[in-house]
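The next block holds one structure in the form of structure tokens; read it before the comments.
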Amino acid sequence: MTSRLSGSITGAVLAVLVAASAGASQANLTNNPAFDGSPAWSPDGSQIAFVTNRDGDREIYVMSADGSDQVNLTVNSEYDEWDPVWSNDGGRIAFESDRHGRTSAWNFIMNADGSDADVLSSNGYINGDPRWSPDGNWIAFYTSSGRLGNGDISIMDSAGTEYVAWYGKYLNLTQNGLDNRNPAWSPDGFSIAFASKRDGNGEIYVMDDDGAEQVNLTSSPADDDFPAWSPDGSRIAFTSAYGLGLTDIWIIRDDGSDPRNLTDDASVNESPTWSPDGARIAFVSDRDGNREIYLMRADGGDVVNLSNNAARDDSPVWSPSGDRIAFVAGRDGNREIYVVDVEGSP
């Protein structure tokens, strides 16, 4: 559906482990002494983009889904790159960079092979969280104080076209001078969910893709953040913090009705991410004493510890086929990209 806005490194050695609780095999894909993070599957599941500092600064790399053919896409020795996000057709990657000054961060875009890298947003302030619209024509992003206000959600044409009616290349969608962040497109591309503190605490809002009809969905005294749409667009999962550093994962209907606490225990539960079929949610929890990757049904049932390791595990991301989850683990004294097989789990 169309929106209304109309040099290779050899393959990594796979260290295969077994998670006793879920019976799922786990593999270390990057297996090097550097810091690796922010895994992002290509839409066809054949590659994973990630961030690494193995060359002395943070760069965007890509590798095959089995960890082989690790290639540096950004290749510069002076600045940091992070947060790679694939376009839905797999042809391009958006990312953040401070290559035009370490006091700011800009959004960039490049082809999936690293060619034709070009700046998208450049205003001297912090720009981040680039998120592609489902049709690939638009990128929503967060920008901090200054030209567009204090923490707003903006949108721009992914081709970088100038619009006279807009503020340069950008259309500020929220325009309230308060903290608005973490944009998430609905699957049909007609709406954007986001977190906002305009009411004094974090709430989940939704708006049309042109910024109209901004509606508070949660209206609770807790701090709500990190909205994530279900694949069919009917529900939104989010994280709710209710004090003392404790957080739960909730879901609501796209109109704010039927709120449900899926975790409801005295621990940290965060980073909800839907399986491609919408039947399950992966998340991070410290309920067993350290941060692990968990899996549950979309109604909160059948909770399984997938990573089951004494080290810190974070950042779960489903493969497009739904049979694997990539995540970041600190098992070898540094942070690396792992993948876990979810076949046979609830």
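The values are calculated or read from the model by the stated rules, or taken from the named source; none is laboratory data. Note that the structure is a prediction, hence the values are computed from the model and not measured. For neighbour counting, all protein chains shown are included, and Cβ atoms are generated from backbone atoms with ideal geometry for every residue, glycine included.
Please work out if P33 is assigned to a loop (DSSP other than H, G, I, E, B) and at pLDDT below 95.
Considered against the rule, which asks whether it is assigned to a loop (DSSP other than H, G, I, E, B) and at pLDDT below 95, P33 comes out as yes.
Within the range 23-66, work out how many residues are farther than 19 Å from G91 by Cα and aliphatic (A, V, I, L, M).
4
Quick check on my filter: what residues within the range 90-115 are in a loop (DSSP other than H, G, I, E, B) and either modelled with pLDDT of 95 or more or in contact with a Phe, Trp or Tyr (Cβ under 8 Å, 6 or more places away or on another chain) (or both)? So that I can check it myself, show each step before the final result.
Looking only at the range 90-115, we keep the residues that are in a loop (DSSP other than H, G, I, E, B), and these are 90-91, 98-104, 112-115.
Scanning the range 90-115 gives G90, G91, D98, R99, H100, R102, S104, A112, D113.
Each row is one residue, and each column tells you yes or no for (1) of a type in the set (V, I, T); (2) more than 22 Å from G151 (Cα to Cα).
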{"site": "D199", "(1), (2)": "no, no"}
{"site": "P221", "(1), (2)": "no, no"}
{"site": "D225", "(1), (2)": "no, no"}
{"site": "S230", "(1), (2)": "no, yes"}
{"site": "S234", "(1), (2)": "no, yes"}
{"site": "L244", "(1), (2)": "no, yes"}
{"site": "I249", "(1), (2)": "yes, yes"}
{"site": "I252", "(1), (2)": "yes, yes"}
{"site": "S257", "(1), (2)": "no, yes"}
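Which of the numbered conditions does I249 fail, given that it passes all the others? Conditions: (1) touching a Ser or Thr at 6+ places or on another chain (Cβ under 8 Å); (2) crowded, with 20+ Cβ neighbours inside 10 Å; (3) within 24 Å of L173 (Cβ to Cβ).
Going through the list (1) touching a Ser or Thr at 6+ places or on another chain (Cβ under 8 Å); (2) crowded, with 20+ Cβ neighbours inside 10 Å; (3) within 24 Å of L173 (Cβ to Cβ), I249 breaks only (3).
For the structure I just gave you, tell me whether S234 is touching a strand residue (DSSP E or B) at 6+ places or on another chain (Cβ under 9 Å), under 29 Å from N172 (Cβ atoms), modelled with pLDDT of 95 or more and not β-branched (V, I, T).
Spelling it out, S234 is indeed touching a strand residue (DSSP E or B) at 6+ places or on another chain (Cβ under 9 Å), under 29 Å from N172 (Cβ atoms), modelled with pLDDT of 95 or more and not β-branched (V, I, T).
Within the range 268-275, identify whether any single residue is in contact with a Phe, Trp or Tyr (Cβ under 8 Å, 6 or more places away or on another chain), in a loop (DSSP other than H, G, I, E, B) and either surrounded by 14 or more Cβ atoms within 10 Å (Cβ to Cβ) or among the β-branched types (V, I, T) (or both), and answer yes or no.
Taking the range 268-275 first, the residues in contact with a Phe, Trp or Tyr (Cβ under 8 Å, 6 or more places away or on another chain) are 269-275.
The next check asks that each one be in a loop (DSSP other than H, G, I, E, B); those that pass are 275.
When the remaining residues are screened for being either surrounded by 14 or more Cβ atoms within 10 Å (Cβ to Cβ) or among the β-branched types (V, I, T) (or both), the result is 275.
Looking for residues that are in contact with a Phe, Trp or Tyr (Cβ under 8 Å, 6 or more places away or on another chain), in a loop (DSSP other than H, G, I, E, B) and either surrounded by 14 or more Cβ atoms within 10 Å (Cβ to Cβ) or among the β-branched types (V, I, T) (or both), one finds at least one in the range 268-275, hence yes.
Being more than 23 Å from S219 (Cα to Cα) and either in contact with a strand residue (DSSP E or B) (Cβ under 7 Å, 6 or more places away or on another chain) or surrounded by 16 or more Cβ atoms within 10 Å (Cβ to Cβ) (or both) is true for just one of A241, A298, A282. Which residue is that?
Working: A241 fails: more than 23 Å from S219 (Cα to Cα); A298 fails: more than 23 Å from S219 (Cα to Cα).
Unique residue meeting the criteria: A282.
Restricting to the range 32-65, give me the number of residues that are more than 25 Å from D323 (Cα to Cα) and of a type outside the set (S, T, N, Q).
Within the range 32-65, residues that are more than 25 Å from D323 (Cα to Cα) and of a type outside the set (S, T, N, Q) number 9.
From S196, S186, S144, S154, grab the single residue that is closer than 30 Å to G322 by Cα and either modelled with pLDDT of 95 or more or within 20 Å of the chain's Cα centre (by Cα) (or both). Spell out how you get there, then give the answer.
Details: S196 fails: closer than 30 Å to G322 by Cα; S144 fails: closer than 30 Å to G322 by Cα; S154 fails: closer than 30 Å to G322 by Cα.
So the residue among S196, S186, S144, S154 that is closer than 30 Å to G322 by Cα and either modelled with pLDDT of 95 or more or within 20 Å of the chain's Cα centre (by Cα) (or both) is S186.
In this structure, is I325 touching a strand residue (DSSP E or B) at 6+ places or on another chain (Cβ under 6 Å), among the β-branched types (V, I, T) and closer than 26 Å to D208 by Cα?
Here the answer is no, as I325 does not meet what is asked.
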